[in-house]
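S.K.: Submitted below is the structure of interest, expressed as structure tokens.
The values are calculated or read from the model by the stated rules, or taken from the named source; none is laboratory data. Quantities reported herein were computed from a predicted structural model and do not represent experimental measurements. Quick reminder, even Gly has a Cβ in these numbers, built from the backbone with ideal geometry, and neighbours come from all protein chains shown.
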Amino acid sequence: MKFQTNGLIIKEQSYGENDKLVWVLTASHGVLRAFAKGAKSIRSAKCAPTSLLSYSRLTFYKSRETYIIGDAASLRIFSKLRADVKKMCLAQYFCELALTICPQEQPAEPFLSLLLNSLYLLSQDTRSENLIKPCLEMRLACLAGYMPDLLMCKSCGAYSAPHMYFLPRTGTLSCASCGGTDGAVLLGEAALRALRHTVYADDAKLFSFRLSDEGLEQLNRASEAYLHFRFEKDFKTLSFYKAITLTT
Ligand SMILES: [Zn+2]
């Protein structure tokens, strides 16, 4: 079987002396693991288009359970990202999220466009890293079928309060009077509004909001905790990004 599709390289590994094994997020087939023969050599036309974070036009051949990349041409390489260590670390976390959360071998168009939008914004300077990150985290979880219920306090039905708790284990809210449980994340009114926005806003408006630094901190705590519990995972690339952020 042979087919051509566009895909974002979200993981790259060397294989043997000359080959690469790559994980590609495509619109038509979700995440595919594929061999790129000879692609390790910088003289190979496949080298750049099969490098991490390249968005490329790829021809796949499938034989039994194995995918092999034939022709490859770069469409976008996010060169601005590659020049910034901190942003590059965050982009690698985005890739680890995609690898964990996106469907495999089934259509994943909304996942791919979310990833590409996030990487594009990250490569520009119009949105801060700590705004792009929670948007991507929460929206990926929603696309994967884990939409939290942020309408009201799960115990008393209160819609809003100066402070509310987000309960990441269950993806629900609890007001200050009903109290938070173990692992609850305290949110001010603006951070709660923003968290609701990341879940309920239209795709086109996802990244369009403003929030103070303090609010963004709360929002990031909430989204990180949510992914940690939903996917039962500590993301190594996130720890690395945080370590880098502290030293720069
Ligand atoms: Zn309550």
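S.K.: Residues of region 26-71 being touching a Cys at 6+ places or on another chain (Cβ under 9 Å) and of a type outside the set (S, T, N, Q), which ones?
M.R.: Residues of region 26-71 that are touching a Cys at 6+ places or on another chain (Cβ under 9 Å), as a first pass: 30-31, 36, 38-41, 52-53.
Within region 26-71, GLY30, VAL31, ALA36, GLY38, ALA39, LYS40, LEU52, LEU53 qualify.
S.K.: Which condition breaks for ARG64 when tested against (1) modelled with pLDDT of 95 or more; (2) among the basic types (Lys, Arg); (3) at positive phi?
M.R.: Every listed condition holds for ARG64 apart from (1).
S.K.: Turning to a different aspect of this structure: Please verify whether region 215-225 includes one or more residues that are assigned to a helix (DSSP H, G or I) and in contact with a Phe, Trp or Tyr (Cβ under 6 Å, 6 or more places away or on another chain).
M.R.: Let us first name the residues in region 215-225 that are assigned to a helix (DSSP H, G or I), namely 215-225.
Subset that is in contact with a Phe, Trp or Tyr (Cβ under 6 Å, 6 or more places away or on another chain): 222.
Checked against the condition, which is being assigned to a helix (DSSP H, G or I) and in contact with a Phe, Trp or Tyr (Cβ under 6 Å, 6 or more places away or on another chain), region 215-225 yields at least one hit.
S.K.: Considering only residues that are closer than 11 Å to ARG196 by Cα and either polar (S, T, N, Q) or within 11 Å of the ligand (Cβ to nearest atom) (or both), which ones fall in region 145-171?
M.R.: MET152
S.K.: Looking only at residues that are of a type in the set (S, T, N, Q) and assigned to a loop (DSSP other than H, G, I, E, B) in region 150-203, which one is modelled with the lowest pLDDT?
M.R.: Filtering region 150-203 down to residues of a type in the set (S, T, N, Q) leaves 155, 160, 170, 172, 174, 177, 181, 198.
Now restrict to residues that are assigned to a loop (DSSP other than H, G, I, E, B): 155, 160, 170, 177, 181.
On the way: SER155: 94, SER160: 87, THR170: 95, SER177: 92, THR181: 82.
Looking at the filtered set, the residue picked out is THR181.
S.K.: Moving on to the next point. Restricting to region 23-43, name every residue that is surrounded by 18 or more Cβ atoms within 10 Å (Cβ to Cβ) and among the hydroxyl-bearing types (Ser, Thr, Tyr).
M.R.: The one that is surrounded by 18 or more Cβ atoms within 10 Å (Cβ to Cβ) and among the hydroxyl-bearing types (Ser, Thr, Tyr): THR26.
S.K.: Read through the list (1) touching a residue at least 40 places away in the same chain (Cβ under 8 Å); (2) within 16 Å of the ligand (Cβ to nearest atom); (3) closer than 15 Å to CYS142 by Cα, then give the number of the only condition that VAL185 fails.
M.R.: Only one criterion in (1) touching a residue at least 40 places away in the same chain (Cβ under 8 Å); (2) within 16 Å of the ligand (Cβ to nearest atom); (3) closer than 15 Å to CYS142 by Cα is unmet by VAL185, namely (3).
S.K.: Would you please name the residue that is surrounded by the fewest Cβ atoms within 10 Å (Cβ to Cβ), looking only at residues in region 172-182 that are hydroxyl-bearing (Ser, Thr, Tyr) and within 8 Å of the ligand (Cβ to nearest atom)? Lay out the reasoning, then the answer.
M.R.: Quick first cut of region 172-182, residues hydroxyl-bearing (Ser, Thr, Tyr) only: 172, 174, 177, 181.
Checking which are within 8 Å of the ligand (Cβ to nearest atom) leaves us with 174, 177.
Details: SER174: 22, SER177: 10.
Only one residue fits best here, namely SER177.
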